[in-house]
1. Given the conditions (1) over 23 Å from the mean Cα position of the chain (by Cα); (2) open to solvent by 80 Å² or more (accessible area, probe 1.4 Å), which single one is not true for Ala8?
2. Of all residues in the stretch 97-121, which are open to solvent by less than 40 Å² (accessible area, probe 1.4 Å) and aliphatic (A, V, I, L, M)?
3. With respect to Leu124, determine if the residue is surrounded by 21 or more Cβ atoms within 10 Å (Cβ to Cβ), at pLDDT 85 or above, assigned to a helix (DSSP H, G or I) and of a type outside the set (Lys, Arg).
4. When the residues of the stretch 22-81 are filtered to those that are under 19 Å from the mean Cα position of the chain (by Cα) and polar (S, T, N, Q), which remaining residue is surrounded by the most Cβ atoms within 10 Å (Cβ to Cβ)?
5. Out of the residues in the stretch 1-24 that are touching a residue at least 12 places away in the same chain (Cβ under 8 Å) and of a type outside the set (A, V, I, L, M, F, W, C), which is nearest to Glu84 (Cα to Cα)?
6. Is the stretch 142-154 home to any residue that is closer than 28 Å to Ala22 by Cβ, part of a helix (DSSP H, G or I) and at pLDDT 90 or above?
Amino acid sequence: MRLYRKLAKTQPSPYRGDLAIALDTAASCFSLVARHDEAAAVSAESVAIYRSLATAFPGVYDTRLALALLTRGRLRMAAGDHTEALVTFRAAGEVVTGHPMIKVEVARGVGAAQYGLGRFADALTAYRLAVTMPPATAARSRLRRDRELGLGELKDLATDATAAAIRQGELSQAVKFLEQARGVLAAAQLNLQGIFVRLRGASDSRRGAGRASAPHRRTGAGGALGAGAVDGHGCHWR
């Protein structure tokens, strides 16, 4: 972080983005050891840099700014500052509106913050929105890293949403949350199995083609080049 500060001071154009990433990472590390004030300070600096870059380069840094805001929202949740966390999560949602995983994380963060503030009905509304989004992140059209992230987070999301529904006394909604999560995970598993089947078939086809062409390669090499030693089975070795 110190190195990037120095580089960004002397050469701001190529290194400000790197400094923002380093600050974002440092904020998470500070939070893990309960150094919440330091986490808040460097996180705020990271967000400020990304805001500046997003203004200077429209459309280029929006996603990173949203992710930095999500990180800050989680850090404020960890520090028990649910009010600022709620504001920050909402700000992330305003920066990027079309990215499925960010939309899920914004809704989830809003739900967690509202729950922490004792606004259980609002929390349930946010969680309901979040749980309806993961099927889009599990679609084949999404990048694999997005699918893996979405499916990896889905279990915890369903648990949080279910807790909010139970807190509101909506047991049928709690069951629906769990069923939706189970359905998405099952669909993803089936899709993964289909990919394995296609890969195995392609591998078997290539292996069979390799065995069929091997004798021709051996006799061709010996006949055309006339080079190499001949073993007791008449095969040419180079």
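The values are calculated or read from the model by the stated rules, or taken from the named source; none is laboratory data. The model shown is predicted, which means the values in this text are computed figures rather than measured ones. Ideal geometry is used to build each Cβ from the backbone, glycine not excepted, and the neighbour counts take in all protein chains shown. Ligands, DNA and RNA are excluded from the accessible area calculation, which covers all protein heavy atoms including side chains. Shrake-Rupley method; radii C 1.70, N 1.55, O 1.52, S 1.80 Å.
1. (2)
2. Within the stretch 97-121, Met101, Ile102, Val104, Val106, Ala107, Val110, Ala112, Ala113 meet the criteria.
3. So Leu124 fits the description; yes.
4. Step by step, filter the stretch 22-81, then rank; the result is Thr71.
5. Out of the qualifying residues, it is Asp24.
6. no
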